[in-house]
Amino acid sequence: MIEFKNVSYETPDNKEIIRDVSFRIDDRFVAITGPNGSGKSTIAKLIAGIYKPSSGKILLDGVDITEDSITDRARAGISFAFQQPVRFKGITVKELISIASGKNISVSEACAYLSEVGLCAKNYVNREVDGSLSGGELKRIEIAMINARGTKLAVFDEPEAGIDLWSFNNLIQVFRSMYERTKGSIVIISHQERILDIADKILVIAGGKISAYGTKNEILPELLNVQAGCRFTKEACE
């Protein structure tokens, strides 16, 4: 369970991005959505420890992790998938998945993770994670890494970006399989209705504040209605 208590975040040049945000996530799937620039990705990076709050507290299973580093949070069971995955020249895909899993996995195990994200394993398992891979390929490999880690909290920043040729049904099935293995929480930053539709709860951010937070049945119909959508995201509609 991750909890924000009155969290605010300002950039080094004093631009306020998140304003006094409080929420708790302990459901299977939670989607965070809102207009561009609303603070969605900032919340994801605050969870991962990439950013530190200007004020407020962040708790993981009741333990204050506000000042913990990225490494400490990873050890505590938080995984984070970037919107733009990182390249690792000199490391093969199999080696990267092994590092993520915390053990030297076999080729067949690596192939299973790759196949689950729609990659032909034999063409990727020994490739370097470098500039020869497309953004979409890197995105799928990163999802395979998070799957291999199997942590109690996994955060994905727009996981559908760059994987247009891979069906949403496969992506959603990976999330469901991941949950069955970990029984933890999966937080997904996304605009996509098909991803929002699998969420147990939806958190709507606008102007650095929470506009709405509730079950899919409470929130999604409002988001799909233009007039109600403007109520949630005033800045985007003015």
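If you filter the range 75-97 down to residues that are small (Gly, Ala, Ser) and touching a residue at least 24 places away in the same chain (Cβ under 8 Å), you find that the one that is nearest to residue 42 (Cα to Cα) is 81. Could you look through the range 116-142, keep only residues that are touching a Ser or Thr at 6+ places or on another chain (Cβ under 9 Å) and farther than 16 Å from residue 95 by Cα, and pick out the one that is surrounded by the most Cβ atoms within 10 Å (Cβ to Cβ)? Restricting to residues being touching a Ser or Thr at 6+ places or on another chain (Cβ under 9 Å) and farther than 16 Å from residue 95 by Cα, the top hit is 116.
So, residue 180, is that one surrounded by fewer than 20 Cβ atoms within 10 Å (Cβ to Cβ), modelled with pLDDT of 85 or more, part of a helix (DSSP H, G or I) and not hydrophobic (A, V, I, L, M, F, W, C) or not? Against the criterion (surrounded by fewer than 20 Cβ atoms within 10 Å (Cβ to Cβ), modelled with pLDDT of 85 or more, part of a helix (DSSP H, G or I) and not hydrophobic (A, V, I, L, M, F, W, C)), residue 180 qualifies.
Residues are listed down the side, and each one gets a yes or a no for (1) among the small types (Gly, Ala, Ser); (2) modelled with pLDDT of 90 or more; (3) farther than 30 Å from residue 71 by Cα:
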| residue | (1), (2), (3) |
| --- | --- |
| 165 | no, no, yes |
| 186 | no, yes, no |
| 216 | no, yes, yes |
| 229 | yes, no, yes |
| 232 | no, no, yes |
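The set of residues from the range 168-200 being of a type in the set (Val, Ile, Thr) and out of contact with any Pro (no Cβ under 7 Å at 6 or more places or on another chain) comprises 172, 174, 182, 186, 187, 189, 195, 198. All conditions in (1) of a type outside the set (Ser, Thr, Tyr); (2) more than 22 Å from residue 140 (Cα to Cα); (3) surrounded by fewer than 17 Cβ atoms within 10 Å (Cβ to Cβ) hold for residue 107, with the sole exception of (2). When only residues in the range 29-60 that are aliphatic (A, V, I, L, M) and within 15 Å of residue 188 (Cα to Cα) count, which is farthest from the chain's Cα centre (by Cα)? Only one residue fits best here, namely 46.
Can you name every residue in the range 183-217 that is out of contact with any helix residue (DSSP H, G or I) (no Cβ under 6 Å at 6 or more places or on another chain), free of Cβ contacts under 8 Å to residues at least 60 places away in the same chain and not in a helix (DSSP H, G or I)? Answer for the range 183-217, where residues must be out of contact with any helix residue (DSSP H, G or I) (no Cβ under 6 Å at 6 or more places or on another chain), free of Cβ contacts under 8 Å to residues at least 60 places away in the same chain and not in a helix (DSSP H, G or I): 183, 192, 197, 214, 215. The set of residues in the range 110-136 being in a helix (DSSP H, G or I) and either touching a Lys or Arg at 6+ places or on another chain (Cβ under 9 Å) or in contact (Cβ under 8 Å) with a residue 60 or more places away in the chain (or both) consists of 110, 111, 114, 116.
This table checks each residue for (1) charged (D, E, K, R); (2) surrounded by fewer than 16 Cβ atoms within 10 Å (Cβ to Cβ); (3) out of contact with any helix residue (DSSP H, G or I) (no Cβ under 8 Å at 6 or more places or on another chain).
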| residue | (1), (2), (3) |
| --- | --- |
| 2 | no, no, no |
| 29 | no, no, no |
| 46 | no, no, yes |
| 52 | yes, yes, no |
| 56 | no, no, yes |
| 60 | no, no, no |
| 69 | no, yes, yes |
| 75 | yes, yes, yes |
| 81 | no, no, no |
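The values are calculated or read from the model by the stated rules, or taken from the named source; none is laboratory data. A quick note: this is a predicted structure, and the numbers were derived from the prediction, not measured. A quick note on method: Cβ atoms are made from the backbone with ideal geometry, for glycine too, and the neighbour counts reach across all protein chains shown.
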